[in-house]
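No lab work stands behind these numbers, since they all come straight from the coordinates. Just so it is clear, the structure is predicted and the values come from calculations on it, not from any experiment. As a convention, Cβ positions derive from the backbone with ideal geometry for all residues, glycine included, and neighbour counts pool all protein chains shown.
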């Protein structure tokens, strides 16, 4: 074995599927002088890869995980370690049957072939299913099993063969060296290595390594129980590893996966069992491996009954024995998504953790592209480790969310479903007031945001003739008709909306203009007091954020962005500050409370509580200004995501309750209504066709496709400019459109009001795919109560993106006619923005 | 036949055994629990004998409340009922254990006499090889230890054990007590159905008086580590000439 190195360009910690693939992908991209270490032996160092079931169901209801999975499947196929066997998600209950239909929609959204099966169809593919127990299934022909250990070995050896990587097994990391916020190297039990980059790919152990470097890696090791039962005589004839589709028994949160003559039965139905990373045994201490913990049979007993019920012919046989049973450890994050990217705390310290077999090679490619090119091909927004705020790194939070999240892994999860534990972590200065008004809170980035107000119930009667009733339970779950009523009241009176969940930071110092100019698409060299809504692009010209930047001084700018993405935006700006410290970023999020005051009576209301001039002339649209509301100083922004005349009023947090009270009391004369995020984030913004980052906007789309290319391109350089200029010269392959539903009635005569993502089809019901292979799907939807239409936003290829074009959407396997109303940025409501600009 | 099998809950150890700070026990934080390998064979033997000759099999253990897990595991494999003599102390010595077991066996036998009592040759943790023989002494039963073959005749049993020169074969009248060794059979795993059935099988919980230990634990120590040295002779055909050298040095060739 070669000598242990003292220096390396990159140290990769962890030789599971992720670490090995990261090494291979970096080597492919020209990286040299890399070292891969693992505390266990090779090829199976004892992490979660070693005991994985290795099957891949590609269709997830979410796009980020599906994309990583599809990329991983492709890579496993190219490595020659994938065997296609097909898979069926069987449904025992009516709710599960409905969910299989939602899966069909998701598979069409993400471009994956699948079909619904009736009971006969299920039994034809897997003859030993108990017909009496199932009502149907969702079949994906491309479901496969892979050899993840072999895949890792191939990728690792490829990097070694290229002379780019040396590998040291049985080498434990003892400490991580950080200096001035930058990685310096690692200390191991075989010596220290200086390194320019360190990548943590340690699965369930990642938080421990993170702690050594002072960074938070919010994941919890959780137990997933599985047993191997056999020998099964009916399967004895199967040559090779698998000859029948894998069965997922969704209603009871289990799966059955054939392995030669045995059946692996796995469960996600048992109680949440979390293990502290410090309590995971070492390779020497563990009987099987550190992540194959002793089986706790009492937790599995109800699942045995379920398995016997589903496949009695195969399993209910005294000769079919439980040959292997483990409490296998896997990683789970507070939001169920992986952790990929550079840590916000330490420069050049990268992480790829909480990644399962189905995402491994895809996640590795994403990380390698990100490190090499500054931006990965797939959108990293939902998996970026920088998305978590400091509170999310506390063990209590991670543990509570993993405990609540584990049962959801195989459950039917509504698109708007809220976590119930670990709430009230971030409260707005207005919280006591909104609570008194009966706010129903949804959580974003730890903030409790009023989604609607029960005190507005009286509006239901007032606007009864303009509201639509949602009779379907799914469509109306996590929703209230009050939202629609608030939507109408906003446009007729004046609304107060708590916006304190914004992430706000000031960029200050000589050179601040250069910083914002570099990251923003729009011209930043504006007059002091000018506010600008701008896109931020990544190096490949994809949209990586949209936010407001206001010039507050010659050398100071205020950035205002959504809480959900604010932490990532903050890292992006921090990454582009000059190293000499002349420009500083000051986070003002916790210092300020924000209330939106908008609507036809907004100006009257505000003028009644201030002596300052806030007329349209003195305080025009897209400007900021400091003034006083009675005895409270405020900093105000004349802009609106709901498309009405008005302001976002920012005040010091300690003034929050008083400011609210002043506005509320003065507002009574104008019949002020508290309006929730249901209106702000969905109804009203859709009426204005305003885009939402993470829905319509992500790095896979460019400003031209999003209908957001500016008339002119600024002379100054900015990130993504080259790609942006190129996109402007080319014909777009897709265009963001606003559509409306023509008829909501399904085949049973029930009116359906769609939620979540679902595919857009031709009038003949065929899938629509753009020239880059991206299927058309609805990214946002909601009721525009004032325009009286159910509004959808979707990217469509140019041949379909024509106003007036008739198309269809598929929702729970029913087709509904829709019309393309607008191509590009114009809204259905107030198309000339007269109400907004005054 | 009415058969009794006696088992003990022991830690299912990994490769390295860690000791508690006071060196009075091994650390079991990361370990599961099981019965000893010889006892698995005793359980299997009892199940096979009942399958062949009819009757019923009972499993008996002395240990903490959690030892029910091991009884249920035996029931899942096919034993009919379980008896747990529940203790609150971590470890009883072999004399105490044997006395308590013998007392319970006597009272159980008053209801229905046992034809055969099976033990594992020794437990995997303390390896005393005593409890079975002590119980036989208490109950005044004929006893053969380290048995690897067992045949049941009409009121008698033939038990064989392996010695260096071949087999020792014993014939003994029943009721008898036999301690068995791995190799007598290939123990089965519990089936799914067996595991489900085991939940409903009866487990009686009893208590017993501790007579007082005659042995006192001083402390556990690790045996001195055996140094292993690995000399890589090379890879592929390049290693051939060095292998020949080693073979010559060892006088293999």
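Go from 0 up to the bin containing the longest alpha carbon distance in segment A:255-381, width 10 Å each, and give me the % of pairs per bin.
10, 29, 29, 21, 9, 2
If you take all C-alpha pairs in segment B:133-253, what percent of them are over 26 Å apart? It would help to have the intermediate numbers written out before the result.
On the way: 4699 of 7260 pairs.
Taking all Cα-Cα pairs of segment B:133-253, the fraction more than 26 Å apart is 65 percent.
Relative contact order for chain A: what is it in percent, counting Cα pairs under 8 Å that are at least 6 residues apart? Numbers along the way, then the final one.
Numbers: 1976 pairs, mean separation 98.0, N = 838.
It rounds to 12 percent for chain A.
Tell me the volume per residue, in Å³, of the convex hull enclosing the alpha carbons of segment A:670-779. Working shown, then result.
Values: hull volume 20.5 nm³, N = 110.
Hull volume normalised by residue count: 187 Å³.
What per residue convex hull volume, in Å³, do the alpha-carbon atoms of segment A:63-113 yield? Provide the component values of the computation, followed by the final result.
On the way: hull volume 4.3 nm³, N = 51.
Convex hull of Cα atoms, per residue: 84 Å³.
Nearest 10 degrees is fine. How inclined is helix A:148-161 to the longest principal axis of chain A, computing both from alpha carbons?
So the inclination is approximately 80 degrees.
Tell me, how many Å apart are the Cα centres for segment A:534-611 and for segment A:786-838?
29
Principal axis extents for segment B:1-100, Cα atoms only, whole Å, descending order, please.
Dimensions of segment B:1-100 along the principal axes of its Cα atoms: 50, 30, 19 Å.
Sequence gap at least 6, Cα distance under 8 Å: using those rules, report the relative contact order of segment A:503-589 to the nearest whole percent.
Numbers: 165 pairs, mean separation 36.7, N = 87.
Computed value for segment A:503-589: 42 percent relative contact order.
Let me know the whole percent of all Cα-Cα pairs from segment A:231-279 that are separated by more than 13 Å.
Working: 745 of 1176 pairs.
Cα-Cα pairs in segment A:231-279 separated by more than 13 Å: 63 percent.
Over the Cα atoms of segment A:787-838, what is the Rg over Rh ratio if Rh follows Kirkwood?
Expressed as Rg/Rh, it is 1.04.
How crowded by other chains is A:282-288, given as the mean number of beta carbons from other chains within 10 Å of each beta carbon?
Details: counts 5, 3, 5, 10, 5, 9, 3.
Per residue, the average neighbour count from other chains is 6.
Measuring from centroid to centroid over Cα atoms, what is the spacing of segment A:401-466 and segment A:497-520 in Å?
28
Can you compute log10 of I(q)/I(0) for segment A:1-136 with the Debye formula, treating each Cα as one identical point scatterer, at q = 0.13, 0.15, 0.18, 0.20 Å⁻¹?
Relative scattering, expressed as log10 I(q)/I(0), comes to -0.76, -0.90, -1.10, -1.23.
For residue A:318 and residue A:93, what is the calculated FRET efficiency with R₀ set at 30 Å and r taken between the beta-carbons, to the nearest 0.05?
Values: r = 30 Å, r/R0 = 1.01.
Calculated transfer efficiency: 0.50.
If each DSSP helix of 4+ residues adds -39,500 (n - 2.57) and the sum is divided by the residues in chain A, what number results at 222 nm, nearest 500 deg cm²/dmol?
My calculation for chain A gives -7000 deg cm²/dmol from helical runs alone.
Give me the three principal axis extents of segment A:723-813 from the C-alpha atoms, as integers in angstrom, largest value leading.
Here the spans come out as 48, 30, 23 Å, largest first.
On a 0 to 90° scale, report how tilted helix B:94-111 is relative to the longest principal axis of chain B, with both axes built from alpha carbons and the result rounded to the nearest 10.
Rounded to the nearest ten degrees, it is 40.
What average number of partner chain Cβ atoms lie no more than 10 Å from the Cβ of the residues making up A:637-643?
Values: counts 0, 0, 0, 0, 0, 0, 0.
Whole-number average of other-chain Cβ neighbours for A:637-643 is 0.
Just to be sure I understand the curve: with the Debye formula and one point per C-alpha of chain B, what is log10 I(q)/I(0) at q = 0.11, 0.12, 0.16 Å⁻¹?
The calculated log intensity ratios at q = 0.11, 0.12, 0.16 Å⁻¹ are -0.65, -0.74, -1.16.
How would you rank A:255-263, A:325-333, A:728-736, highest first, on the average number of other Cβ atoms within 10 Å across their residues? Mind dumping the intermediate values first?
Working: A:255-263: 20.7, A:325-333: 23.1, A:728-736: 16.7.
Taking the mean over residues of other Cβ atoms within 10 Å, the ranking is A:325-333, A:255-263, A:728-736.
Summarise the partner chain shielding of A:608-619 as one whole number: the mean count of Cβ atoms from other chains within 10 Å of each residue's Cβ.
The per-residue average across the peptide is 0.
For segment A:183-330, what Kirkwood radius comes out of the mean inverse Cα-Cα distance, in Å? Mind dumping the intermediate values first?
Working: mean 1/r = 0.0563 Å⁻¹.
Averaging 1/r across every pair of different Cα atoms and inverting gives 17.8 Å.
Can you tell me the order of A:479-489, A:576-586 when each peptide is scored by its average per-residue count of other Cβ atoms within 10 angstrom, highest first?
Answer by packing, highest mean first, reads A:479-489, A:576-586.
Among B:157-169, A:302-314, A:144-156, A:278-290, how do they line up by average Cβ neighbours within 10 Å per residue, starting with the highest?
Details: B:157-169: 13.6, A:302-314: 19.5, A:144-156: 22.5, A:278-290: 17.8.
My ranking of the peptides, most packed first, is A:144-156, A:302-314, A:278-290, B:157-169.
So what's the gap between the Cα centers of segment A:652-711 and segment B:143-166, to the nearest angstrom?
Each part's Cα centre sits 86 Å from the other's.
Taking N as the number of residues in the protein assembly as shown, what value does Rg over Cα atoms divided by 2.2 N^0.38 Å take? Walk me through the intermediate numbers first.
Details: Rg = 34.6 Å, N = 1091, 2.2 N^0.38 = 31.4 Å.
Relative to the 2.2 N^0.38 Å estimate, the protein assembly as shown comes out at 1.10.
Diagonalise the Cα gyration tensor of segment A:503-589 and give the resulting equivalent ellipsoid semi-axes, square root of 5 times each eigenvalue, largest first, whole Å.
17, 14, 13
Going by alpha carbons, how many degrees (0 to 90, nearest 10) lie between the helix axis of A:360-373 and the longest principal axis of chain A?
50
Per the Kirkwood formula on distinct C-alpha pairs, the Rh of segment A:397-471 is how many angstrom?
Working: mean 1/r = 0.0678 Å⁻¹.
With all distinct Cα pairs of segment A:397-471 included, I get 14.8 Å.
Could you work out the relative contact order of chain B? I mean the mean sequence separation of Cα pairs under 8 Å and 6+ apart, divided by the number of residues, in percent. Walk me through the numbers on the way to the answer.
Numbers: 465 pairs, mean separation 60.7, N = 253.
24 percent.
List the extent of the Cα atoms of segment B:1-53 along each of their three principal axes, largest first, rounded to whole Å.
Principal extents (Cα only, largest first): 50, 19, 14 Å.
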